Amino acid sequence: MAFMVARRTREIGIRMALGARGGSVVWLVMREVLLRSAAGLAIGLPAAWAITRLVETQLFGIRATDPITMVAAVLGIAGVAVVSGYLPAHKATTIDPMLALRFE
């Protein structure tokens with residue numbers, strides 16, 4: 001996500017120069033983070049649920065379809081996604097628009 005924000009520095013600078021507020025720039029980045037995370041979870045959860053049958057014999061102390069483990073994994077992935085998107089987005093709001101326009 002930091003790379004994506006760095007790639008869009010010029011666009012973010014133009015938005016800030018035209019009067020965009022910091023919150024709208026953060027939401028611009030976070031919307032993409034949330035969409036990518038939701039797509040990954042939508043693909044990954046059914047795949048993980050299906051593959052548990054293959055590794056069921058290797059699991060120790062939990063069932064193959066343990067809901068607590070699945071929820072913990074989803075919350076962990078979502079938390080990392082939010083942090084990985086918010087930090088670069090917040091940093092992008094502190095960029096001076098003139099420096100961003102001169103970027104590259």
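Nothing in this text is a laboratory measurement; each read-out follows from the coordinates by a stated rule. Quick caveat, the model's predicted, so the values are computed rather than measured. Cβ: placed from backbone, ideal geometry, glycine included. Neighbour counts: every protein chain shown.
Please go through the range 1-44 and pick out each residue that is surrounded by 17 or more Cβ atoms within 10 Å (Cβ to Cβ), under 13 Å from Gly85 (Cβ atoms) and over 10 Å from the mean Cα position of the chain (by Cα).
Selection gives Val5, Arg8, Val25, Val26, Leu28.
Yes or no, residue by residue, for (1) of a type in the set (Val, Ile, Thr); (2) free of Cβ contacts under 8 Å to residues at least 24 places away in the same chain; (3) closer than 19 Å to Met1 by Cβ:
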site	(1), (2), (3)
Gly19	no, yes, no
Val74	yes, no, yes
Ile77	yes, no, yes
Ser84	no, no, yes
Ala92	no, no, yes
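For Val33, indicate whether it is among the β-branched types (Val, Ile, Thr) and either farther than 25 Å from Ala73 by Cα or in contact with a helix residue (DSSP H, G or I) (Cβ under 8 Å, 6 or more places away or on another chain) (or both).
Yes, satisfied.
May I ask you to list the residues in the range 84-104 that are assigned to a helix (DSSP H, G or I) and of a type in the set (A, V, I, L, M, F, W, C)?
Leu87, Ala89, Ala92, Met98, Leu99, Ala100, Leu101
Just to be sure, is Thr52 assigned to a loop (DSSP other than H, G, I, E, B) and surrounded by 11 or more Cβ atoms within 10 Å (Cβ to Cβ)?
no
Using the structure shown, decide if Ala81 is loosely packed, with under 13 Cβ neighbours inside 10 Å and part of a helix (DSSP H, G or I).
Answer is no for this residue.
Collect the residues in the range 50-69 that are out of contact with any helix residue (DSSP H, G or I) (no Cβ under 7 Å at 6 or more places or on another chain) and within 25 Å of Ala39 (Cβ to Cβ), keeping them in residue-number order.
Ala50, Ile51, Thr52, Arg53, Leu54, Val55, Asp66, Pro67, Ile68, Thr69
Taking the range 20-49, which residues are under 30 Å from Arg10 (Cβ atoms), in a helix (DSSP H, G or I) and of a type outside the set (Gly, Ala, Ser)?
We begin by selecting, within the range 20-49, every residue under 30 Å from Arg10 (Cβ atoms); these are 20-40.
Next, only the ones that are in a helix (DSSP H, G or I) stay: 22-40.
Once the filter is applied, which keeps residues that are under 30 Å from Arg10 (Cβ atoms), in a helix (DSSP H, G or I) and of a type outside the set (Gly, Ala, Ser), the range 20-49 yields Val25, Val26, Trp27, Leu28, Val29, Met30, Arg31, Glu32, Val33, Leu34, Leu35, Arg36.
Which of the residues that make up the range 53-93 are of a type in the set (S, T, N, Q) and more than 20 Å from the chain's Cα centre (by Cα)?
Thr57, Gln58, Thr65, Thr69
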